[in-house]
Amino acid sequence: MLDLKALQNDFESVAAKLRKKKVDETQLAKLKEISLKLKEQRKILEELQAEQNAKSKLFPVYQKEGKDIAELKKELAENKQKIAVEQDIVRDLEEEMYEIALNIPNIPDDDVPEGEDEEDNVELKKVLDPRKFDFTPKEHWDLKITPDWIDFERGVKLAKSRFSVLKNDAARLERALINYMLDFNRSRGFEEVSVPYLVNRDSLLGTGQLPKFEDDLFKIEEEPLYLIPTAEVPVTNLFRDEILQKEELPAKLTSYTACFRKEAGSAGRDTRGMIRQHQFDKVELVAVTTPEQSDQVFDEMVACASDLLTSLGLPHRLVLLCGGDLGFSAARTIDLEVWLPGQNRYREISSISNTRAFQARRAKIRYKEGKKNLPVHTLNGSSLAVGRTLIAIMENYQNADGSVTIPAVLQHYMT
RNA sequence: GGACAGGUGGGUGAGCUGGCUGAAACCACAUCCCUGCUAAGGAUGCGUACUGGCAACGGUACCGAGGGUUCGAAUCCCUCCCUGUCCGCCA
């Protein structure tokens, strides 16, 4: 959530920064107005309440002294009416304010480039040169081995389109990748956790998926629970409503989960193959840090994911997202895009974001700094999307005969 | 799912015949004192959010959540959620 105090005190600079993210300025102005009005109304309410409290305390005194309490009682009954009216005003303003505030995205970092969409993202560097094929590399769904590995039709039969079934070495390779990634992350200081795949509304509000992106989520019908779109949600919310000791920070966690997304806005995109599925596996990195630590930990997370790709021999590049392409909660994001020779292009395989204090304010994750409780910084990043890694291995390690060589680092995970 | 018992500050836990309780006590924690180390002892402080004030220090709200009764509720009433135990069911 936006820092409302910053908005009240320095509206112009907040508005200017949010322009990069294409935020409707009238909403911002309205938010500021409401928050100021709320402040006034709260003051009025609190004064009435103070009066009520003070005079109520007179009752036992009067009774002891044998005084008449009828007059006092009448006075307070009237005051009570005023309080009720004022309370409604305050409540309405609060609701209005939260509704607007919860729908305003995070402020991008100052060095985030201006831009509309992915066209304007900035490539930071390339890692590993794409392999030179002496035959025309195929896309992962066209390999000779694919029917033996992926059953798209029966995934659809079991659920619906955008579901698939892995078989034989592909099923084992998926499991090997998960184990390899978790071990790798652990060696970089990320502690492993295993978390629920269903979460409640408060959790999704905390990390910013709700209220704005309800349509992207699978919801359980008879209960207010949702399938997680990413492990970022349960893992970050581990700390929701908690005050952490400074010594506990940075907390660095890694978790493997399945992820579920409706892909509501992606009709017709990536319908072939396994690039875009309603259910996919992902190993995630999450960090909770002090503001001073967050830049360094962000770099560690980017390095972790990039090194993981390198260790798998997968060529990739690092891309700094522009303002227009930045997600709702992110102040800065670096995407890792893996080279897919069959598609002859780089495709996103990991996305690492620093949300600064945005999620921390929503989820009330704080740490003790001296006597104060300050919001932490939260960061998250994939390391990596397992399905896409599988695809990348299939395309990059394909042989002329349509078979696939398993990367060396994974071989002992598959014995 | 059924029956009963509960949900209080970082933890344990009193209060729950309504006002003196934002909350005893103990533990943990912090600072200080004392003791040549260690152990022990003593003093003080120590919930959260918003808000007024340079500060000292105040105001309001919060005792699972939301309503209600009352001049006044942690304490009474209602609804919901959660936890524990037993039974049922189940990997």
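The values are calculated or read from the model by the stated rules, or taken from the named source; none is laboratory data. Small disclaimer: the values here were computed from a predicted structure and weren't measured. So basically every Cβ, Gly included, is an ideal-geometry build from the backbone, and we count neighbours across all protein chains shown.
Any residue at all in the range A:174-194 that's under 23 Å from A:Thr271 (Cβ atoms), in contact (Cβ under 8 Å) with a residue 24 or more places away in the chain and in the same structural domain as A:Ala264 (by TED's automatic domain parsing)?
Within the range A:174-194 (the criterion being under 23 Å from A:Thr271 (Cβ atoms), in contact (Cβ under 8 Å) with a residue 24 or more places away in the chain and in the same structural domain as A:Ala264 (by TED's automatic domain parsing)), the answer is yes, since at least one residue qualifies.
Might you check whether a residue that is over 21 Å from A:Thr389 (Cβ atoms) and in contact (Cβ under 8 Å) with a residue 12 or more places away in the chain occurs anywhere in the range A:147-157?
no
Has the range A:371-383 got at least one residue that is within 16 Å of RNA strand B (Cβ to nearest atom), under 28 Å from A:Leu205 (Cα atoms), among the polar types (S, T, N, Q) and in the same structural domain as A:Phe328 (by TED's automatic domain parsing)?
Within the range A:371-383 (the criterion being within 16 Å of RNA strand B (Cβ to nearest atom), under 28 Å from A:Leu205 (Cα atoms), among the polar types (S, T, N, Q) and in the same structural domain as A:Phe328 (by TED's automatic domain parsing)), the answer is yes, since at least one residue qualifies.
Please state which one of A:Arg388, A:Arg361 is of a type in the set (D, E, K, R), in a helix (DSSP H, G or I) and within 13 Å of RNA strand B (Cβ to nearest atom).
Being of a type in the set (D, E, K, R), in a helix (DSSP H, G or I) and within 13 Å of RNA strand B (Cβ to nearest atom) holds for just one of A:Arg388, A:Arg361, which is A:Arg361.
Using the structure shown, decide if A:Thr146 is among the polar types (S, T, N, Q), modelled with pLDDT of 95 or more and within 21 Å of A:His316 (Cα to Cα).
No.
Can you give me the ranges of the helices (runs of 4 or more DSSP H) entirely in the range A:1-83 with at least 3 residues that are among the charged types (D, E, K, R), closer than 19 Å to A:Met97 by Cα and within 8 Å of RNA strand B (Cβ to nearest atom)?
A:25-56
Identify, from the list A:Asp270, A:Asp299, A:Asp281, the residue that is of a type in the set (Asp, Glu) and more than 18 Å from the chain's Cα centre (by Cα).
Among A:Asp270, A:Asp299, A:Asp281, only A:Asp270 is of a type in the set (Asp, Glu) and more than 18 Å from the chain's Cα centre (by Cα).
Name the strands (runs of 3 or more DSSP E) wholly inside the range A:216-260 in which the number of residues that are polar (S, T, N, Q) is 1 or more.
Those strands (runs of 3 or more DSSP E) span A:251-260.
Can you pull out the residues in the range A:216-253 that are polar (S, T, N, Q) and within 14 Å of the chain's Cα centre (by Cα)?
A:Thr230, A:Thr236, A:Asn237
For A:Arg317, indicate whether it is of a type in the set (D, E, K, R), within 28 Å of A:Pro211 (Cα to Cα) and not in a loop (DSSP other than H, G, I, E, B).
It is false that A:Arg317 is of a type in the set (D, E, K, R), within 28 Å of A:Pro211 (Cα to Cα) and not in a loop (DSSP other than H, G, I, E, B).
Failed condition for A:Gln343, given (1) over 22 Å from A:Ile100 (Cα atoms); (2) buried (at least 24 other Cβ atoms within 10 Å of the Cβ); (3) in contact (Cβ under 8 Å) with a residue 24 or more places away in the chain, with all others met?
Failed condition: (2).
So that you can scan it fast, the table gives a plain yes or no per residue for (1) hydrophobic (A, V, I, L, M, F, W, C); (2) within 17 Å of A:Ala392 (Cβ to Cβ); (3) at pLDDT 95 or above:
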position: A:Val297; (1), (2), (3): yes, no, yes
position: A:Ala303; (1), (2), (3): yes, no, yes
position: A:Leu320; (1), (2), (3): yes, no, yes
position: A:Ser353; (1), (2), (3): no, no, yes
position: A:Arg362; (1), (2), (3): no, no, no
position: A:Leu374; (1), (2), (3): yes, no, no
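May I ask you to list the residues in the range A:190-206 that are surrounded by 13 or more Cβ atoms within 10 Å (Cβ to Cβ), farther than 20 Å from A:Phe260 by Cα and not aromatic (Phe, Trp, Tyr)?
Listed by number, the list holds a single entry, A:Glu192.
Tell me which residues, restricted to the range A:161-187, are basic (Lys, Arg) and crowded, with 18+ Cβ neighbours inside 10 Å.
A:Arg162
Restricting the search to the range A:87-109, which residues are of a type in the set (A, V, I, L, M, F, W, C) and closer than 17 Å to A:Asp3 by Cα?
The answer is A:Met97, A:Ile100, A:Ala101, A:Leu102, A:Ile104, A:Ile107.
Quick one: would you say A:Val286 is among the β-branched types (Val, Ile, Thr), within 16 Å of RNA strand B (Cβ to nearest atom), in contact (Cβ under 8 Å) with a residue 60 or more places away in the chain and crowded, with 22+ Cβ neighbours inside 10 Å?
No.
Looking at the range A:160-193, which of its residues are acidic (Asp, Glu), more than 26 Å from A:Phe218 (Cα to Cα) and under 25 Å from the mean Cα position of the chain (by Cα)?
A:Asp183, A:Glu191
Quick one: which residue in A:Glu214, A:Glu221 is in the same structural domain as A:Gly381 (by TED's automatic domain parsing) and loosely packed, with under 13 Cβ neighbours inside 10 Å?
On inspection, the qualifying residue turns out to be A:Glu221.
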